[in-house]
Amino acid sequence: GVSGGFAPETVAIAYGREMTLDADAATRRCARASFDQLCGDALGAADYHALCDAYDCFFLERVPVLPLARHDLVRRFVTFVDVIYDRGKALVLEADAPVDELLDAGDEADFFTGPLGLTVADEGGASGRNASVQSDGAEWSATGIKGASLGARSGRQDTKFAWARTTSRLVEMTTGRAYRDAWRRRVV
């Protein structure tokens with residue numbers, strides 16, 4: 001982890017709540033937090049904006065490889081990066097893998113043939129009885145997969161799209177000259 005010069009500081013976040021992060025003792029403009037602190041708890045864009053009001057730089061430690069199945073963690077991280085990027089703040093990651101390897105999407109085929117199986121039982125798939133059709137004694141669900149829903153499939157694709165944007169933004173934040181120049185103008 002990042003060491004030296006940091007001390008706990010309580011900061012106001014959205015809806016009258018507070019959270020404690022480690023802040024740079026000299027400037028109070030840099031914060032250090034673990035991935036679990038910022039993405040493992042129920043925080044959202046309003047909370048991240050409040051943190052950006054308090055700090056210009058974030059050290060995010062212990063970022064794990066994120067399985068796509070943990071949609072909640074992935075979406076919070078995506079939202080955090082979006083806010084940091086849009087607000088022109090600096091972000092330093094300590095991660096278990098390179099940025100382009102932080103999302104573990106798993107085997108896309110597993111969504112259709114993995115543990116959910118391809119059997120459609122007479123009670124219907126997770127798309128529900130109202131979305132199933134009976135024809136000649138056979139039942140057809142929207143997905144054809146017991147325990148799977150079109151919503152989950154769509155959400156998975158949406159998350160993968162958002163992740164691609166996040167990866168691009170993280171790369172730009174670390175290599176993009178325009179972003180670095182904008183950051184320098186803010187702190188000089």
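Before moving on, here are some points about what is shown:
Okay, residues lined up against (1) of a type in the set (Val, Ile, Thr); (2) exposed (fewer than 14 other Cβ atoms within 10 Å of the Cβ); (3) touching a residue at least 60 places away in the same chain (Cβ under 8 Å); (4) farther than 17 Å from Thr10 by Cα:
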site	(1), (2), (3), (4)
Ala45	no, no, no, yes
His49	no, no, no, no
Cys57	no, no, no, no
Pro67	no, yes, no, yes
Phe80	no, no, no, yes
Asp86	no, yes, no, yes
Val99	yes, no, yes, yes
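- Among residues of region 69-78 being surrounded by fewer than 21 Cβ atoms within 10 Å (Cβ to Cβ) and of a type in the set (D, E, K, R), the one that is nearest to Ala54 (Cα to Cα) is Arg75.
- Which numbered condition Asp22 misses (of (1) open to solvent by 40 Å² or more (accessible area, probe 1.4 Å); (2) under 19 Å from the mean Cα position of the chain (by Cα)): (2)
- Answer from Arg28, Arg17 - the residue that is modelled with pLDDT under 95 and either among the basic types (Lys, Arg) or buried (at least 18 other Cβ atoms within 10 Å of the Cβ) (or both): Arg28
- Test for Asp36: is it open to solvent by 30 Å² or more (accessible area, probe 1.4 Å) and without any contact (Cβ under 8 Å) to a residue 12 or more places away in the chain: no
- Here region 164-181 is the region considered, the condition is being over 20 Å from Thr79 (Cβ atoms) and of a type in the set (Gly, Ala, Ser), and the residue that is modelled with the lowest pLDDT is Ala178.
The values are calculated or read from the model by the stated rules, or taken from the named source; none is laboratory data. The model shown is predicted, which means the values in this text are computed figures rather than measured ones. Cβ atoms come from the backbone with ideal geometry, glycine included; neighbour counts cover every protein chain shown. The accessibility values were calculated without ligands, DNA or RNA, using every heavy atom of the protein model including side chains. Shrake-Rupley method; radii C 1.70, N 1.55, O 1.52, S 1.80 Å.
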